[in-house]
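Everything below concerns the one structure shown next.
Just so it is clear, none of the values below were taken in a lab; they were calculated from the coordinates. The shown structure was predicted, so the numbers you read here are calculated from the model rather than taken from an experiment. Using ideal geometry, Cβ is built from the backbone for each residue, glycine included, and neighbour counts are taken over all protein chains shown.
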Amino acid sequence: MIFQHFNLMATKTVAQNVELPLKMAGVPRAERRRRVDEILALVGLSALRDSWPAKLSGGQKQRTGIARALVTQPEILLCDEATSALDPENTLAVLKLLKEINQRLGLTIVLITHEMDVIRTLCDRVAVLERGEIIEQGEVWRVFGHPRHEVTQSLLGTLHHDRPDERPPLSGNQQLVTLHFDGSSGHEPNLQHIAALLGDDARLLYGSCEQIQGRVIGQLRVRLATPLANQRLAQHAGWVADRLTFSGEPTAENAGA
């Protein structure tokens, strides 16, 4: 397990901290030395094996923690907010190291974090928990491309500081429509197709796209003068119903129009 605050023993060197789990497990000294040398080389700390924790940077301390967790040759590596105590530069370095470990050792990594950018950078799958229950899960590109639960939407909002926070005013039968594109279809519609679907009264409010796990995902938010009718949606391919999210209702005076 990798901890948020490193939890290194101040009275032991880097090598001694990494060796400790093996020593407690009764592994012979020669085997301990071999494994420690191997793991320190993997995490890039061979030159600091005799250094004390007080002399290490935050990134070096976390690398020591990673080495200590790996030296017992686990099948699963649990990371509890492993980057929360690091600056941006060290965060990227640790994430790169974890990805290399995953690929080189074939090791499953379970990452607990509130940092959505960490998930986007490192993970293949994501599960969102609320009060101890999984409320949404799936491949990262799918969940990030079209989050269904409001908790997921709120968490992902921290990634997009450039998106407008305020809901634009609506009047009459106006409606907000958000089109989520998640790259799940090999025959996604072009802009002309989307424009034909939304109609001539659509006004573009916001658009964005990004690449996650090799797929382009994004969204368009538009304002319509009249709500889209269900029968209109039914005339289009199956991707429509799954990728259009509606918000906004007709005002009371026009609800029966």
Notebook entry, point to check: Whole-Hz Karplus ³J(HN,Hα) for the range 202-218, in order, using 6.51 cos²θ - 1.76 cosθ + 1.60 and θ = phi - 60°, x for Gly and Pro?
Noted result: 6, 10, 6, 9, 6, x, 7, 7, 7, 10, 10, 6, x, 10, 8, 10, x
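Around Lys61, what is the net charge, scoring Lys/Arg as +1 and Asp/Glu as -1 over all other residues with Cβ under 11 Å from its Cβ? Let's see the in-between values first.
On the way: positive: Lys55, Arg63, Arg68; negative: none.
For residues surrounding Lys61, the net value is +3.
Among Glu130, Glu136, which comes first, then next, by fewest other beta-carbon atoms within 10 Å?
Glu130, Glu136
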Margin query: Expected output is a single nm value to one decimal: the length gained when fully extending between Leu105 and Ala54, i.e. 0.36 nm times separation in residues minus the C-alpha distance. What is it?
Written below: 15.4 nm
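Beyond 23 Å, what percent of the Cα pairs of the range 14-123 remain? Don't skip to the end; give the middle numbers.
Values: 1558 of 5995 pairs.
That fraction is 26 percent.
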Margin query: Give me Met24, Met116, Met9 sorted ascending by neighbouring Cβ count inside 10 Å, so fewest comes first.
Written below: Met24, Met9, Met116
Note to self: Tell me whether the range 1-52 comes out rounded, prolate or oblate; compute the Cα gyration tensor, take square roots of the eigenvalues as a ≥ b ≥ c, and use a/c under 1.5 as the rounded threshold.
What the structure shows: oblate
Notebook entry, point to check: Would you list Thr113, Thr158 from fewest to most Cβ contacts within 10 Å?
Noted result: Thr158, Thr113
Item checked: Most to least packed among 140-146, 54-60 [average Cβ atoms within 10 Å] -> 140-146, 54-60
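Looking at the range 1-109, which GluC sites (Glu not before Pro) are DSSP coil and have at most 10 other C-beta atoms within 10 Å of their C-beta? Present the calculation step by step, with values, prior to reporting the outcome.
Details: sites: Glu19, Glu31, Glu38, Glu75, Glu81, Glu89, Glu100; in loops: Glu75, Glu81.
Passing sites in the range 1-109 are Glu75.
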